[in-house]
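Visitor: Supplied in structure tokens, the structure appears directly below.
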Amino acid sequence: MTQKNWHIQRSGACVTLARHLPARFDVSATARFPLVARTRLAHQIRQDMWRALQNLRGFSPVVQIEQIEDGLSVTAGGRLGPPISGQVSQKIDALLHDGALRARWIKCAGGVRT
């Protein structure tokens, strides 16, 4: 468990950051990233996802990062309380593909590893 009750689960090449266990994706989006520190990247994505969706009642962020052959596969999303619009997945997808946020996350996670 991390600061303020955030749970980090590690399983082989996969790192999952979640507020509640078991981690669950009621809504999600995916993106690829270069090789960087997975846990740091997960925290950066979680923070910005929370900022973007904090007014969404019952939302609990989850970020899962898996190392793949040439980088990282990121799934971001989380649990939802009451039923909501499908636009949440689109918001998360836009967040994961925002160039400025991606550059900041990669920098904070230690830069690209070769």
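The numbers here are math on the coordinates, done by the rules we state, and not lab data. The structure presented is a predicted model; accordingly, all values stated were derived computationally and were not measured. Note that each Cβ is placed from the backbone with ideal geometry, even for glycine, and that neighbours are counted across all protein chains shown.
Visitor: Anything in the stretch 33-54 that is out of contact with any Lys or Arg (no Cβ under 8 Å at 6 or more places or on another chain) and of a type in the set (F, W, Y)? List them, or say none.
Guide: W50
Visitor: Take G78 and decide whether it is small (G, A, S) and within 15 Å of the chain's Cα centre (by Cα).
Guide: yes
Visitor: Given the structure, is T39 of a type in the set (S, T, Y) and crowded, with 17+ Cβ neighbours inside 10 Å?
Guide: Here the answer is no, as T39 does not meet what is asked.
Visitor: Touching a helix residue (DSSP H, G or I) at 6+ places or on another chain (Cβ under 8 Å) and farther than 19 Å from K4 by Cα - does that describe any residue in the stretch 38-51?
Guide: No, the stretch 38-51 contains no residue that is touching a helix residue (DSSP H, G or I) at 6+ places or on another chain (Cβ under 8 Å) and farther than 19 Å from K4 by Cα.
Visitor: Report, by residue number, each residue of the stretch 1-23 that is among the charged types (D, E, K, R) and either surrounded by 14 or more Cβ atoms within 10 Å (Cβ to Cβ) or under 15 Å from G71 (Cβ atoms) (or both).
Guide: Once the filter is applied, which keeps residues that are among the charged types (D, E, K, R) and either surrounded by 14 or more Cβ atoms within 10 Å (Cβ to Cβ) or under 15 Å from G71 (Cβ atoms) (or both), the stretch 1-23 yields only R19.
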